[in-house]
1. I want the local charge near Arg10. Using Cβ-Cβ distances under 14 Å, sum +1 for each Lys or Arg and -1 for each Asp or Glu among the other residues.
2. What's the local net charge at Leu69, with K and R +1, D and E -1, over the other residues with C-beta under 15 Å away?
3. May I ask for the Kirkwood hydrodynamic radius of the range 1-57, worked out over all distinct Cα pairs and given in angstroms to one decimal?
4. Find out how many positive minus negative residues lie around Arg20, taking Lys and Arg as positive, Asp and Glu as negative, among other residues whose Cβ is under 15 Å from that of Arg20.
5. Could you work out how much longer the chain between Asn68 and Cys119 gets when fully extended? Use 0.36 nm per residue separation minus the Cα distance between them, nm to one decimal.
6. Testing the spin-label approximation: label points 7 Å from Cα along Cα→Cβ at Tyr27 and Tyr145. State their distance in nm.
Amino acid sequence: ISRPAISEQRLNMTDHGKVRYELKTPYRDGTTHVFFDPLDFIGKLAALIPPPRLNLTRFFGVFAPNSNLRAQVTASQRGKNSPKLNNKENRQSDKPYHARSMSWAQRLKRVFNIDMTECEKCQQHNVTIIACIIEPAIIHKILSYLDKQGSPITGNNTRAPPVVALENRVMFDDFTIQRDFDFGA
């Protein structure tokens, strides 16, 4: 998806144990290769790794999240001095602005153009999301039942995958499944 930080084709080790990197275009002084000690090279590469759990795109100036001018220069008009906030009658001045994030159904619609609220049979927007099922055993039971009924959801050529010793496996032991999830759709 993304380009690597360096080209492996231009990277090699010298006979003296140094890391040699060939530059794509020479410097003004004519330098075509850069030499590093292996530890220094790893340090330079480690500096390119972004910090965990932070956005890779950061905004500064008027596009910064806390900028007073953000609402005036963005299409969504979200920010500190948002006109949407000024129009609300029950606005409390001590509460900071907090934009409501999109639900997962809205994100599916925006990114993949999949509308979860549209019925497959009647093409109307009358579907209400009532649950999110993530346990493989339950998903298998539902798909098996729909296969037996000849449902248009599973189709005739798509069958539920066979369950291989699901009873003996521990599923999702590294996090807690949230039962009262609000879909916001």
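Nothing in this text is a laboratory measurement; each read-out follows from the coordinates by a stated rule. Fair warning: this is a prediction, and the values are worked out from it, not measured in the lab. Using ideal geometry, Cβ is built from the backbone for each residue, glycine included, and neighbour counts are taken over all protein chains shown.
1. Working: positive: Arg3, Arg20, Lys24; negative: Glu8, Glu22.
Residues near Arg10 contribute +1 overall.
2. Summing Lys/Arg as +1 and Asp/Glu as -1 gives +3.
3. In the range 1-57 this quantity evaluates to 13.2 Å.
4. -1
5. This chain segment gains 14.1 nm when fully extended.
6. So the label points at Tyr27 and Tyr145 sit 6.9 nm apart.
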